[in-house]
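What follows is one structure encoded as structure tokens, with my remarks underneath.
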Amino acid sequence: MKRLPLIIIIFTLLLSVFPLNQASAASKDDISGHYFETDMRILIGKGLLGGYGNGIYKPDNPVTRAEFASFIVRALDLGTMAASEFSVAQFSESASFTDINTDDWYYPAILAASQNRIVGGYPDGSFQPNTKISRQEMAAMIMRAIQSKGVISEAAPLSFTDQANINPMFRDSVQRLLFLGVMSGKTDTNGNVAFAPSSSTTRGETAAVINRMLKVIHPPQNLEYKVASITKGSEPVVVHEYETFTEAKNKVRDNQVVMHGNVIVWMTSGIAVSNKFTVLYTDATFKTNSTYVASGVELKYYDATEDWVKVQIADVTGYVKPDTVNLTPIQVVDNRSFYETNGGILVHKIYNPILNSWASYTFGKAPSFMKAEGKYYSWNGNSFYLSDGSFAGEAYQYFNRMPLYTQTQYTGAQLDEFIRSVKPNSPLIGTGDAFKKAEQQYGTNAMYFLAHAILESNWGESKIAKDKNNLFGLGAVDSSPYESAYTFGSYELGILDAASKYIVPGYFSESDWRFSGEHLGNKGTGMNVRYASDPYWGQKISGLMFQIDQYLSSQYNLPAELNKYKLAETIVKNVNVRSGTQVTDPIEYKIRDIGTTVQVLDTLSATGTWYVIAPKNIMGQTYPELYTYSHGYESYGTSLKLLPLAK
């Protein structure tokens, strides 16, 4: 099944088939007296179902796969937060289904539905947007949408006269929708009930199913809250029902949870999982955001109310809206993401609870405290715990926290050699000198910048990279990423433009709102805070840098850059960077934020401990050797702390 990749930006759904009619439903129209009139009017009132003008809604018209995907996306309000919350585009290229083009009216809807794993394609890579959707296909899409919201369901037994005709891959979805009351069978004149799995569905029938789905996902507010016992392998057992959330929460004991409808809304301990693009806010008013993550990301759970869920990602604790996460009590958690060591290499195994799938990548050097056979758990990639919750140790990856304005020893030709060793036919071969030029002119470490391009362009194999010499997706927008992406005359021009107009001024400059430290980092500090919704984007790039360094240092008999210098991070704001080791020496610049990393070239003992640090020479700046006070003199306090590096 082909999937469309993540593009976390607001899109405007083109309603060429379902144009919204802002006027009230006419007193007499073509749904007056229709069997599905009530359901259709509810969706019309919510702005989810449009008409064709003059009171025409065509309730008996069949619905195509593209039209149904549009219904689902609109009903679940998918993909509509990033631009409004952050006013920034996440650049990513679309690898669409073979029969879907970016200028099709339904492209944004299918993109969002596919990214959220609600729709899929056929074995030949097509989506068949204009094919009439069958009832069993509709069942599968509806069930995926319901499951993405953390709704708990059972599989009801089937008793349809044609149940043998239901495709086995859709049978479970049909059974669960029967249990939830979202779908049912069709009764003929003889009283026989069939499911008609291959039959098409009409706009009226679709409205009824969507309306029932929304009632399951968002139960009526007067529905009582339930306290239920949760045990692994068993369905929740309701203990008692209450009128309010507070009453129910106050009655919870042991392994019990609070449920609203079929959704868990409070638990003592467990894991929260993002079920859509999820914004993390600094407080429960949702006025100021701190970062964001994609769907399927594990978050540390702290507490919840009817209005918010308190969670942690990396070292950042904040609040998310309840409908953006699913809560899983710790007693029923089967799988979790973890770290392990493989031949001295630290590997991150990522579990996606929404998809029930695994992925992995190399992060860097395995810390010495890790045993070969152990699993280690970490929310930030630095502090590690065993499965019993006991602390195992702390270790930072050098390339993840190294200032990205430092220079690499490796030449352009050597960088090309690494590309050739992994991907002999990669279009990136020959770009090494361009990355070195960006390093010299603008201050972007060439090894980092190459690793960034490898990740973003799939080793130069993406369509935007090959057709437009655009390795970073610059200029791409929501509904037409390929068409709107900038075109450059060469790879070199694209690399230099990305460095000078986007990366350096946006992520290396403390005056820019995107700045959180000039290192890769995670969702707590560094570029990853506001560059990507993937919380492990920075760790994946640092893993590529680790591999580049390991290969080239061995190939050319050079000292590895890994852990070549010490790294220290600021623990107070506005740390002075001076031209000498006296407080009377001129201040060249200040390090504004806590958690910003510096590369320590040497340690000096003047009045207290001073560090000689790599100067922040970006955009043509040429600072000489610089110094910053760390600790050791009571009157000056403590400004920096060394990071324990994985060795």
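For the reader, a short list of remarks on this structure follows.
- Debye, to nearest 20: dipole size of region 299-397, +1 on Lys, Arg Cβ, -1 on Asp, Glu Cβ: 320 debye
- Magnitude of the charge dipole for region 338-395, about its Cα centre and with charges confined to Cβ atoms of Lys, Arg (+1) and Asp, Glu (-1), is about 120 debye.
- Mean Cβ count within 10 Å, highest first, over the residues of peptides 613-625, 389-401: 389-401, 613-625
- Formal net charge of residues neighbouring K132 (Cβ-Cβ distance under 15 Å; K, R +1; D, E -1): 0
- Sequence-distant lysines (8 or more away, or on other chains) whose Cα lies within less than 16 Å of K423: K466
- Region 348-417-region 475-548 distance, computed between alpha-carbon centres (Å): 20 Å
- Adding -39500 (n - 2.57) for every DSSP H run of four residues or longer, then dividing by how many residues the chain holds, sets the calculated 222 nm ellipticity at -7000 deg cm²/dmol.
- Derived scalar couplings ³J(HN,Hα) [region 352-358; Karplus, 6.51 cos²θ - 1.76 cosθ + 1.60; whole Hz; x for Gly, Pro]: 9, x, 5, 9, 6, 9, 10
- Pairs of lysines in region 37-217 whose Cα atoms sit within less than 25 Å of one another amount to 10, provided the residues are eight or more positions apart or on different chains.
- Degrees separating the helix 432-442 axis from the principal Cα axis of the chain, which is the longest one: 70 degrees
- Here the dipole of the chain is about 420 debye; that uses its Cα centre as origin and unit charges on the Cβ of Lys and Arg (positive) and Asp and Glu (negative).
- Estimated FRET transfer efficiency when R0 is 22 angstrom, pair Q163-K132 (beta carbons, to 0.05): 0.50
- Comparing L567, G538, V151 along the charge dipole axis of the chain, the residue lying farthest to the positive side is V151, per the Cβ-charge model.
- Protection proxy ranking of 369-378, 432-441, by the mean of other Cβ atoms within 10 Å over each peptide's residues and highest first, is 432-441, 369-378.
- Charge-dipole axis of the chain as Lys and Arg at +1 and Asp and Glu at -1 on Cβ define it, positive-most pick from M141, Y410, T341: T341
- Proximal lysine pairs, region 225-332, alpha carbons under 22 Å, eight or more residues apart or interchain: 21
Every number in this text was worked out from the coordinates using simple rules, so none of it is lab data. This is a predicted model, so every value here is computed, not measured. Positions of Cβ are backbone-derived with ideal geometry, glycine not excepted, and every protein chain shown enters the neighbour counts.
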